[in-house]
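The values are calculated or read from the model by the stated rules, or taken from the named source; none is laboratory data. Quantities reported herein were computed from a predicted structural model and do not represent experimental measurements. Using ideal geometry, Cβ is built from the backbone for each residue, glycine included, and neighbour counts are taken over all protein chains shown. For the accessible areas, the whole protein counts, side chains as well, though only heavy atoms, and no ligand, DNA or RNA atoms are used. Shrake-Rupley method; radii C 1.70, N 1.55, O 1.52, S 1.80 Å.
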Amino acid sequence: MMNRRAVVTGASTGIGEATVRALRAQRWDVVGVARRAERLEALAEETGSAALACDLTDADAVEAMLAELARTGPVHALVQVAGGARGTDSVEGGSVEDWQWMYDANVLSTQRLVAGILPLLREAAAQSGHADMVFVTSTAAQIGYPGGGGYNAAKAAESMLVKVLRQELNGEPIRVVEIAPGMVHTEEFTLNRLGGDRVAAEAVYAGVEEPLLAQDVADVIAFALDAPRRVNLDLVTMRPVAQSAQHMLARGPLQVRTDVD
């Protein structure tokens, strides 16, 4: 039988890269998509994935990517990881350019990709029985926090897009899954958000015992895709144990309390 084929965006780093590795380990055919061709090609050489360089904010580039996907085989799953945050400004002092980029990268790119890839997913579902779409949003879509206004707004919009899409596809054999991670320690997310300030980026994680890793999120994505096709994980919210709520983060060792009556 032909292996199932997944398209994973944001595959050059972090959760996207880890998802390519996780799915390849479970014998999926995987197409990694990201802007940085050289990183995709290195990952492809290491894992046996395929690579398609594409800026998802560029409509023409997305159209060309979709044509190449259609030419090269079926698409059974989309894993939309690409996106990101810029800045920690207040609403009052926010950069319109940064907010525009976050909306373009997290919301409009997702809508553009969904609209273009659904015909391929439907074709695969008709042949194999079902298809899948997995979206990595964020706990920032669920709870606002000072300095997060632009990212909160963009991720909340993306999360709502996913919820509406699931309802619009009711009756079709296409699962729509949302994974919303809290604090994940990756090499680039916070670094990019803080304009390349490595010291400030590392301070975000300082003292936090075992933040989530990209591999943890990738494992949940792989589970969702390989679960029996009757099972849809509508929303999985995942945080490190040290983060019991969006605003509540323990810094220092996790210890059993001895002062409880």
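Just a few scattered comments:
- Qualifying GluC sites (Glu not before Pro) in the stretch 183-220, where qualification requires a DSSP coil assignment and no more than 15 other C-beta atoms within 10 Å, comprise 187, 188, 209.
- Within the stretch 161-259, antiparallel bridges make up roughly 25 percent of the DSSP beta bridges whose residues both belong there.
- Square roots of 5 times each gyration tensor eigenvalue, C-alpha, the stretch 196-244, largest first, Å: 30, 12, 8
- Rounded to the nearest 20 debye, the dipole magnitude of the stretch 1-93 is 500 debye, with +1 charges on Lys and Arg beta carbons, -1 on Asp and Glu beta carbons, and the Cα centre as origin.
- Accessible-area composition of the stretch 90-187, carbon plus sulfur, in percent [1.4 Å probe]: 56 percent
- CD proxy at 222 nm, helix term only [per DSSP H run n ≥ 4: -39500 (n - 2.57); per residue of the chain; nearest 500]: -13500 deg cm²/dmol
- Overall Cα dimensions of the stretch 1-98, principal axis frame, Å, largest first: 56, 27, 23
- Sparsely packed loop sites in the stretch 62-101 (the GluC sites (Glu not before Pro) outside DSSP H, G, I, E and B with at most 11 other Cβ atoms within 10 Å) comprise 92.
- The distance separating the Cα centre of the stretch 169-202 from that of the stretch 91-124 comes to 14 Å.
- DSSP bridge orientation in the chain - percent antiparallel, rounded to nearest 5: 5 percent
- Percent of beta bridges antiparallel (DSSP, the stretch 1-82, rounded to nearest 5): 0 percent
- Rounded to 10°, Cα long-axis angle of helix 14-25 versus longest principal axis of the chain: 50 degrees
- Taking amide H positions as modeled 1.01 Å from N, with prolines and chain starts lacking one, the residues under 5 Å from residue 132 and 5 or more places away or on another chain are 77, 78, 175.
- Cleavage-rule hits, trypsin sites (Lys or Arg not before Pro), the stretch 191-242, DSSP coil, Cβ neighbours within 10 Å at most 12: 230
- q = 0.15 Å⁻¹: log10 I(q)/I(0) that the Debye formula gives for the chain, counting C-alpha atoms only: -1.09
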